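The values are calculated or read from the model by the stated rules, or taken from the named source; none is laboratory data. None of the values given here were measured: they were computed from a predicted structure. Cβ sites come from the backbone with ideal geometry, for glycine too, and all protein chains shown count toward neighbours.
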Amino acid sequence: MEVLKNYINGSWVESGEHQTIDVINPANQEVLGKVPYGEKTTGDVDSAVAAASEALKQWREFPVMKRVQPLYKLKQLLEENIDELGRLITLECGKSFVESKAEMQRAIENVETACATPTLMQSEFSENVATGIDEFMIRQPVGVCACIAPFNFPGMIPFWFLPYAIACGNSFIIKPSEKVPLTMMKVFELIDQLDDLPKGLINLVHGGKPSVDALLDHPEIKAVSFVGSTRVARYIYQRGTANGKRVQAQGGAKNPLIVMPDADIEITARVVADSVYGCAGQRCLAASNIIAVADTKGVIKEALVEAAKQKTTGFGLDEGIEMGPVITAESKTRIEGLIAKGIDEGATPLLDGRNAKISGYEKGNFIKPTILENVALDGEVINTEIFGPVMSLLQMDSIEKAIDFVNRNNYGNMACLFTTSGLNARMFRNQANAGNIGINIGVAAPMAQFPFSGWNDSFFGDLHGQGRHAIEFFTQTKVVIERWPKEWTRKF
Ligand code: NAD
């Protein structure tokens with residue numbers, strides 16, 4: 001089987017590293033490709049940075065209106081190829097075909113938003129700040145930028161950064177997750193068709209920790225965008241900033257969701273189940289700790305169990321499948337271990353998705369929807385990002401106690417409330433200690449115009465991905481103060 005190539009300086013090139021690891025379909029363990037993985041991938045990073053530095057000289061001088069033109073073509077190519085991209089995401093990542101295409105739609109929306117960069121980059125001018133003196137601010141590109149992506153959204157996440165970075169006049173390097181590199185290979189086939197880009201403007205390098213460290217240490221790289229687990233996000237932020245780079249590092253999550261007794265229970269249960277079990281729970285915005293408030297008759301609980309039971313599990317390209325496998329056999333073992341741990345800690349399994357058998361896909365990493373009730377508040381399960389299809393269901397008797405629980409969370413990626421009371425909703429959005437808030441929304445994923453706004457251990461940095469934050473991250477401000485005194489003017 002062919003080893004995946006890098007895309008550097010406008011061409012597909014072999015990695016200098018001959019060691020590889022397999023890219024595996026999580027539904028059946030089929031090997032889909034071999035990806036370079038080892039110390040020598042650092043040489044690939046050096047080549048990509050050299051190409052990106054060269055391309056930058058020309059690109060940053062292009063007018064911004066010219067720099068966004070390739071994005072219009074890219075949007076069209078992504079739309080024309082959305083089925084193929086969706087198929088690849090499902091094959092390597094496991095989620096359902098519907099989810100995969102929805103992911104690509106979010107990527108396209110970021111390309112569309114970045115097409116507004118000529119306006120978004122516009123800046124400020126003050127005439128006569130002091131007598132005869134004008135002052136203005138301009139935004140200039142920061143230089144060579146890099147993105148390091150996680151496995152769970154192989155098509156979308158690089159687009160939180162890439163279109164803004166290049167529209168702002170930077171060059172770019174993407175390092176996809178070694179678990180799911182095939183989607184970006186296809187995206188780069190499309191990028192290769194964009195005639196107006198200088199060679200080397202956008203590059204793709206494969207690998208794991210050695211290539212990430214090479215990106216973090218290379219003096220020519222000025223900005224790093226990372227998305228992944230909190231442990232690695234913290235490391236990326238520390239090492240990147242110690243090397244003088246700007247870094248935005250989005251981390252993991254453990255998202256609480258409160259259901260009030262006044263919520264529309266049937267619809268709420270369906271939306272909550274979509275949040276917990278969509279993408280098999282492998283979403284940084286998956287709700288996982290569900291707090292039913294004053295559910296004295298167990299109405300919310302019963303509706304949640306029913307909604308969870310309705311989820312169809314299987315191979316994501318098969319018709320009608322809503323939930324695919326988790327990414328690796330190790331993940332399945334880890335998640336099943338956490339379910340066991342939760343039960344050891346005193347929880348009752350209302351649904352136990354371990355030992356799932358899917359006919360025709362017996363080797364797949366499947367776990368069916370699981371609900372643990374009364375999980376210990378001081379235990380491991382309630383505080384750990386499980387990243388699998390597991391709901392912890394808690395009962396509390398007031399919204400105040402529920403909000404207090406929400407705010408004890410170390411993460412801060414998302415917090416949600418389901419209610420028909422505007423008063424409760426207003427109090428919640430004001431007090432919740434998280435950066436993305438859902439009111440009667442189960443997956444509060446900001447649209448491309450808004451920052452993807454994680455807080456606390458879910459984010460390290462200042463400016464998030466997407467929208468105006470991305471424009472600010474990928475530009476540096478320059479303030480010019482100037483005067484043209486009449487008396488200094490030479491007569492001729
Ligand atoms: P991960 O942290 O294991 O890997 C992410 C990237 O970092 C990969 O490209 C990987 O090659 C690299 N990497 C891994 N270990 C490294 C190390 N020790 N040193 C340097 N680089 C390293 O994350 P993952 O398992 O691919 O993705 C799942 C995680 O991402 C979850 O925690 C999820 O919540 C999080 N996530 C967060 C967001 C967000 O917006 N906050 C979005 C999606 C995913």
For this session: Examine the range 391-402 for a residue that is buried (at least 21 other Cβ atoms within 10 Å of the Cβ), assigned by TED's automatic domain parsing to the domain that holds Phe366, farther than 24 Å from Gly281 by Cα and touching a residue at least 40 places away in the same chain (Cβ under 8 Å), and state whether such a residue exists.
Result: yes
Seminar exercise, completed: Of those in the range 154-173 that are within 16 Å of the ligand (Cβ to nearest atom) and assigned to a helix (DSSP H, G or I), the residue surrounded by the most Cβ atoms within 10 Å (Cβ to Cβ) is Tyr164
For this session: Out of the residues in the range 126-153 that are aromatic (Phe, Trp, Tyr) and touching a helix residue (DSSP H, G or I) at 6+ places or on another chain (Cβ under 9 Å), state the one that is farthest from the ligand (Cβ to nearest atom).
Result: Phe153
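Across the range 281-303, which residue is farthest from the ligand (Cβ to nearest atom) among those that are under 18 Å from Ile382 (Cα atoms) and of a type in the set (A, V, I, L, M, F, W, C)?
First pass over the range 281-303, keeping only residues under 18 Å from Ile382 (Cα atoms): 281-293, 301.
Now drop any that are not of a type in the set (A, V, I, L, M, F, W, C), which leaves 284-287, 290-293.
Details: Cys284: 3, Leu285: 8, Ala286: 8, Ala287: 13, Ile290: 18, Ile291: 20, Ala292: 24, Val293: 26 Å.
Only one residue fits best here, namely Val293.
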Seminar exercise, completed: Counted residues in the range 404-454 being over 19 Å from Leu377 (Cβ atoms) and in a loop (DSSP other than H, G, I, E, B) come to 22
Exercise. How many residues, within the range 305-331, are free of Cβ contacts under 8 Å to residues at least 24 places away in the same chain and assigned to a loop (DSSP other than H, G, I, E, B)?
Worked result: 4
Problem set entry | Candidate set from the range 217-239 (those that are within 19 Å of the chain's Cα centre (by Cα) and without any contact (Cβ under 8 Å) to a residue 60 or more places away in the chain); member that is nearest to the ligand (Cβ to nearest atom) | Val232
Exercise. Leu56: over 15 Å from Val180 (Cβ atoms), in contact (Cβ under 8 Å) with a residue 40 or more places away in the chain and not in a loop (DSSP other than H, G, I, E, B), yes or no?
Worked result: yes
Exercise. Given the structure, is Ser100 within 16 Å of the ligand (Cβ to nearest atom), hydroxyl-bearing (Ser, Thr, Tyr) and assigned to a helix (DSSP H, G or I)?
Worked result: yes
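A quick yes/no check of all residues on (1) under 26 Å from Met104 (Cβ atoms); (2) within 16 Å of the ligand (Cβ to nearest atom); (3) out of contact with any Lys or Arg (no Cβ under 8 Å at 6 or more places or on another chain); (4) in contact (Cβ under 8 Å) with a residue 40 or more places away in the chain:
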| site | (1), (2), (3), (4) |
| --- | --- |
| Arg426 | no, no, yes, no |
| Ala448 | yes, yes, no, yes |
| Phe452 | yes, yes, yes, yes |
| Gly467 | yes, yes, yes, yes |
| Thr477 | no, no, no, yes |
Problem set entry | Yes/no for Asn409 being modelled with pLDDT under 95, over 21 Å from Asn152 (Cα atoms) and within 16 Å of the ligand (Cβ to nearest atom) | yes
Problem set entry | Breaking point among (1) within 26 Å of Ser453 (Cα to Cα); (2) crowded, with 21+ Cβ neighbours inside 10 Å; (3) more than 9 Å from the ligand (Cβ to nearest atom); (4) hydrophobic (A, V, I, L, M, F, W, C), for Ala253 | (3)
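Which residues, taken from the range 109-138, are buried (at least 21 other Cβ atoms within 10 Å of the Cβ) and of a type outside the set (Ser, Thr, Tyr)?
Residues of the range 109-138 buried (at least 21 other Cβ atoms within 10 Å of the Cβ): 110-111, 113-114, 117, 120-121.
Hits for the range 109-138 are Asn110, Val111, Ala114, Leu120, Met121.
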For this session: Kindly indicate whether Phe366 is part of a helix (DSSP H, G or I) and more than 16 Å from the ligand (Cβ to nearest atom).
Result: no
